[in-house]
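Here the structure is laid out as structure tokens; the discussion comes afterwards.
The values are calculated or read from the model by the stated rules, or taken from the named source; none is laboratory data. Predicted, not measured: the structure shown is a model, and the values here were computed from it. Positions of Cβ are generated from backbone atoms using ideal geometry, with glycine treated the same way; all protein chains shown enter the neighbour counts.
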Amino acid sequence: MPAVNDDKTATFDKATKTITTTRNSKLQYGGSQSVYCELDRLDVSDYNVARVKYKSKDFGFLFNFEYDGSYLKWYEKATYCPSYLNEMVIPLDKKYKKLKGIYFSVYSMPHAEFVIESVTLEKVENPVKTDIYLSDEPPVIDKAASGTIDANLDAWDFVKNIGAGLNYQIFQDAPSFLDFGVDIQPDMLSRPTKAQIHFMKESGLNGIRLQTNPGHGKILDKNYRIAPGYIRNIKQVVDWCIEEDMYVILCGPFAEWTIAEEYKKRIERGDSNYAAYYVNEKDKKESERFLKAVWEQYAKAFNNSYDERLIFEPFNEPVDILHEHGWSPKDDCAVCKKDYEILNEYNQLVVDTIRSTGGNNASRFVLINGLASKWEPVTNKNFKMPKDKAKNKLIPTYHDYSMGGSAAAGDYTDYYKNRIKESISKRFAALDKAFFSKHIPVLVGEIGQTRRTPILERIKWIKGFMSEASKPNRSCAAVLHNDSVLVDDGHFFSGYYDSWKLKWYDKEFVDTFIYGMQGKEYPLSAEFIKNNEVKIESIVGKNLINEPFDTKKWGANYKINSDTFVRSVPESYKLEFVIKKTGSSPTVQITWSDENYQWHKTPGTAKKIKGGSLADGNVRPSKTTFTVEIDSETAKTIEDSNGLYLMGQDVIIQSMTVVE
Ligand SMILES: [Zn+2]
């Protein structure tokens, strides 16, 4: 094998037979970090398998044959050799007679090391691939006969003590295009270690939320038996957290990955390693079987050895992913109404399943999600807290992305603007009514915002959230969400926590959150504030249309991000349009939708138009230059909208300029 591959992201050390891969900061998958073993069109017609003997420490690796005459389909043809085995038998594709070479690579790990002892070509009786799920390990059962748990501890007092937590996605991100067995394959995170958990505790975090997804490649059969190795891996991390005296939320499966192409393909071909629950009528029966099986196993694996610091959460973001309102359920929709009922039943089922395992689980705290884990559904009249034999042990939970969260979110904003402040007050008012006023606490299972948003805006926002969360008549804890992917490609939250270097990015933000959840204020230095000051230039006199926009008879729209209008315009202003008429009924419509996605038409409360008239909320220009007055109230609603849209007919809009 060549000692170094072309882009120097993988090396092979001849003396120790060790392959080391490193990854650039940019996302790159598959072939780019590989070592190639050139076989020079070796005739393999006398063989039917390759036997690979290896040792890998933290992660497994990918093995790819390259045949003469075949196009290398990386993931379709790759075989994952897991870290917990030392030998793999991989059949040759008998369609081909000659082998050009073999690639050794890793999935997406920034760093990996493995030793290839040998690869031999053989002819065997039964040429089948090694089953990486095969294990004679018994189920993981917590055998402690008795334990201690404070059965009288009230959820209200309990949640008040939790403080700040971190969402640790170590068991979440396993990709589904390959079989990774029970190996932990977190996208970009390093393997979990005790040192990492210690680092989190030292940073001031008091809790960890462990999202798990057993249905994603960790199920062994049609009875939804979870691979013992997977539960053992979870248990190891939970134990480290408890040793550090942290709270741990063990979160059950996801609902939204069932729409992924790879997942659907696997279900179609009857792959029993993959399973999930759906929040819908059609799949309810099977989903209940799945949820019950998962929680019976989790609850038996974690019982008397764990006191109240271990908290169960039945599932992550239970969304009816196949329904158009899945992420924002509507009261006037029959499907959504049914979904509320179904989720109420799922919550009840999981609580009952947990309680039925007895011991400490009879009085363990359980988090209860509403549809999609959003605040509106959990405070909706159709949501019901489960009935529980244990007293004051159920804690409602929701996810808070009041600034939009990831940069890919439709209502993502860079500024802590008026609408965000109001929406935080609004959700806490709803939580007051539904829970706090009844002495029921709330745990915010995820809160976060992409690092792309200016840090001082994020700090203002998290402070705004905490000033509500910490009011004395409320009991609230929160878990910071960040992504394992540290590079910002616009689709992710971008990670705050670097598991490879044990360091934080944007530590001032993280510390503001941690301190705030402890009821303290993190002191930002004058220098930090000065260096990160958000400077916004006035847009008065600036044309906001990049190139002439043809309205194409209502067939097109032009969007201007509402952030454009934040702190960049006077309290009231005018929009000056220059147009070219292309037909007999020139019309320009100026619209925007508010936080409830209700549409508004300009000029709203402003009635003054020069160079045209108003008809049905649309502007009928009489001249090629016209102005629309935006009064201060309309200006506020535009700033807080989901964007300003231009539409119309018989007109090409050449420019739209803000004028005083
Ligand atoms: Zn609906």
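If the condition is being among the polar types (S, T, N, Q) and farther than 20 Å from ASP414 by Cα, then segment 537-573 contributes ASN543, ASN546, THR551, ASN557, SER572. The residue that is farthest from the ligand (Cβ to nearest atom), counting only those in segment 336-349 that are crowded, with 17+ Cβ neighbours inside 10 Å and farther than 30 Å from ALA151 by Cβ, is ILE342. Within segment 117-161, being small (Gly, Ala, Ser), over 25 Å from GLN518 (Cα atoms) and out of contact with any helix residue (DSSP H, G or I) (no Cβ under 6 Å at 6 or more places or on another chain) holds for SER118, SER135, ALA144, ALA145, SER146. Would it be correct to say that ASP388 is within 16 Å of the ligand (Cβ to nearest atom) and acidic (Asp, Glu)? Answer is no for this residue. Among all positions in segment 296-306, there is no residue which is within 13 Å of the ligand (Cβ to nearest atom) and among the acidic types (Asp, Glu). Residue pairs whose Cβ atoms lie under 9 Å apart, sitting 6 or more positions apart in sequence or on different chains, and linking a residue in segment 46-57 that is within 8 Å of GLU87 (Cα to Cα) to a partner that is part of a loop (DSSP other than H, G, I, E, B) and among the β-branched types (Val, Ile, Thr), are ARG51/VAL124.
The residues on offer are SER585, SER562, and the sole one that is among the small types (Gly, Ala, Ser) and surrounded by 18 or more Cβ atoms within 10 Å (Cβ to Cβ) is SER562. Just one of the listed residues (PRO318, PRO396) is under 23 Å from the mean Cα position of the chain (by Cα), in the same structural domain as SER423 (by TED's automatic domain parsing) and within 16 Å of the ligand (Cβ to nearest atom), namely PRO318.
Among the conditions (1) under 20 Å from TYR412 (Cβ atoms); (2) more than 21 Å from the chain's Cα centre (by Cα); (3) among the small types (Gly, Ala, Ser), the only one that GLY495 does not satisfy is (2).
Looking only at residues in segment 72-105 that are surrounded by fewer than 16 Cβ atoms within 10 Å (Cβ to Cβ) and over 34 Å from the mean Cα position of the chain (by Cα), which one is nearest to GLN33 (Cα to Cα)? Checked segment 72-105; the qualifying residue nearest to GLN33 (Cα to Cα) is GLU87.
Taking the numbered list (1) buried (at least 20 other Cβ atoms within 10 Å of the Cβ); (2) out of contact with any helix residue (DSSP H, G or I) (no Cβ under 7 Å at 6 or more places or on another chain); (3) of a type in the set (Phe, Trp, Tyr) in turn, PHE199 passes all entries but (1). When ASP131 is tested against (1) without any contact (Cβ under 8 Å) to a residue 40 or more places away in the chain; (2) within 37 Å of the chain's Cα centre (by Cα); (3) within 23 Å of ASP46 (Cβ to Cβ), exactly one condition is not met: (3). Taken over segment 6-20, the residue count meeting the criterion of being outside any loop (DSSP other than H, G, I, E, B) and at pLDDT 85 or above is 6. Of all residues in segment 239-263, those that are of a type in the set (Gly, Ala, Ser) and in contact with a helix residue (DSSP H, G or I) (Cβ under 8 Å, 6 or more places away or on another chain) total 1. Considering only residues in segment 282-330 that are touching a strand residue (DSSP E or B) at 6+ places or on another chain (Cβ under 6 Å) and not hydrophobic (A, V, I, L, M, F, W, C), the one that is surrounded by the fewest Cβ atoms within 10 Å (Cβ to Cβ) turns out to be ARG309.
Considered as a group, the residues in segment 212-250 that are at positive phi and at pLDDT 95 or above include one that is surrounded by the fewest Cβ atoms within 10 Å (Cβ to Cβ), and that residue is ASP245. In the condition set (1) within 19 Å of LEU443 (Cβ to Cβ); (2) within 16 Å of the ligand (Cβ to nearest atom); (3) under 22 Å from the mean Cα position of the chain (by Cα), GLU324 is compliant with all but (1). Answer yes or no: is there a residue in segment 99-114 that is among the hydrophobic types (A, V, I, L, M, F, W, C) and in contact with a helix residue (DSSP H, G or I) (Cβ under 7 Å, 6 or more places away or on another chain). Looking through segment 99-114, at least one residue is among the hydrophobic types (A, V, I, L, M, F, W, C) and in contact with a helix residue (DSSP H, G or I) (Cβ under 7 Å, 6 or more places away or on another chain). Criterion applied to THR564, THR602, THR624 was being outside the structural domain of MET403 (by TED's automatic domain parsing), touching a residue at least 12 places away in the same chain (Cβ under 8 Å) and under 28 Å from LYS535 (Cα atoms), and the one residue passing it is THR564. Among residues of segment 321-348 that are part of a loop (DSSP other than H, G, I, E, B), those with a Cβ under 8 angstrom from a residue that is within 11 Å of the ligand (Cβ to nearest atom) and aromatic (Phe, Trp, Tyr), sequence gap 6+ or separate chain, pair up as PRO329/TYR340.
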